[in-house]
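In what follows, a structure is listed as structure tokens, so that the remarks can point back to it.
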Amino acid sequence: MLIYNVTTKVDWSIHEAWLEWMQKEHIPAVVNTGCFIKSQLLHLLETDESDGPTYAVQYFAASITEYNHYLTQFAPSMRKEVTDHWGNQVVAFRSLMQVVD
């Protein structure tokens, strides 16, 4: 099992609208690509929130094949959508992790 993790720092001025958009639109759209089994949204604690809160979204993929399919077929348009909606009011970084049993 792989976890595609997207950590995002969100400006306070858009925080509530961004969070609602993520929960109702963006995260469901990513999962509905069929590349991920499930997702979870987390609020990072014990971080400097003076500029805004930090969140992580974790998308669970069964294999590297599904993850790579997402990267090539869906990620560019999904990332563009985030930029078009929120501009530089969000800053994200991505990582890929493997679950160790």
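The values are calculated or read from the model by the stated rules, or taken from the named source; none is laboratory data. Being a predicted model, the structure only gives us computed values, none of them experimental. All Cβ positions, glycine included, derive from the backbone under ideal geometry; neighbour counts span all protein chains shown.
Descriptive notes on the structure:
- Of all residues making up region 42-74, the number that are among the β-branched types (Val, Ile, Thr) and farther than 16 Å from His15 by Cα: 3
- All positions within region 6-62 that are small (Gly, Ala, Ser), in contact (Cβ under 8 Å) with a residue 40 or more places away in the chain and out of contact with any strand residue (DSSP E or B) (no Cβ under 7 Å at 6 or more places or on another chain): Ser13, Ala29, Ala62
- Considering residues of region 3-30 that are among the aliphatic types (A, V, I, L, M) and surrounded by 17 or more Cβ atoms within 10 Å (Cβ to Cβ) only, the residue nearest to Val99 (Cα to Cα): Ile3
- Lone unmet requirement of (1) modelled with pLDDT of 95 or more; (2) exposed (fewer than 14 other Cβ atoms within 10 Å of the Cβ); (3) of a type outside the set (Gly, Ala, Ser) for Tyr59: (2)
- Pairs with Cβ under 6 Å, 6+ apart, first in region 80-91 and surrounded by 11 or more Cβ atoms within 10 Å (Cβ to Cβ), second of a type in the set (D, E, K, R) and in a strand (DSSP E or B): Val91/Lys9
- On the stretch given as region 69-79, residues that are more than 20 Å from Glu25 (Cα to Cα) and either surrounded by 13 or more Cβ atoms within 10 Å (Cβ to Cβ) or in contact with a Lys or Arg (Cβ under 8 Å, 6 or more places away or on another chain) (or both) total 1.
- Looking only at residues in region 58-91 that are touching a helix residue (DSSP H, G or I) at 6+ places or on another chain (Cβ under 7 Å) and in a strand (DSSP E or B), the one that is nearest to Leu19 (Cα to Cα) is Val90.
- Checking each residue in region 15-57 for being under 11 Å from the mean Cα position of the chain (by Cα) and either part of a strand (DSSP E or B) or more than 21 Å from Tyr4 (Cβ to Cβ) (or both) picks out Ser39, Gln40, Leu41, Leu42, Tyr55, Ala56, Val57.
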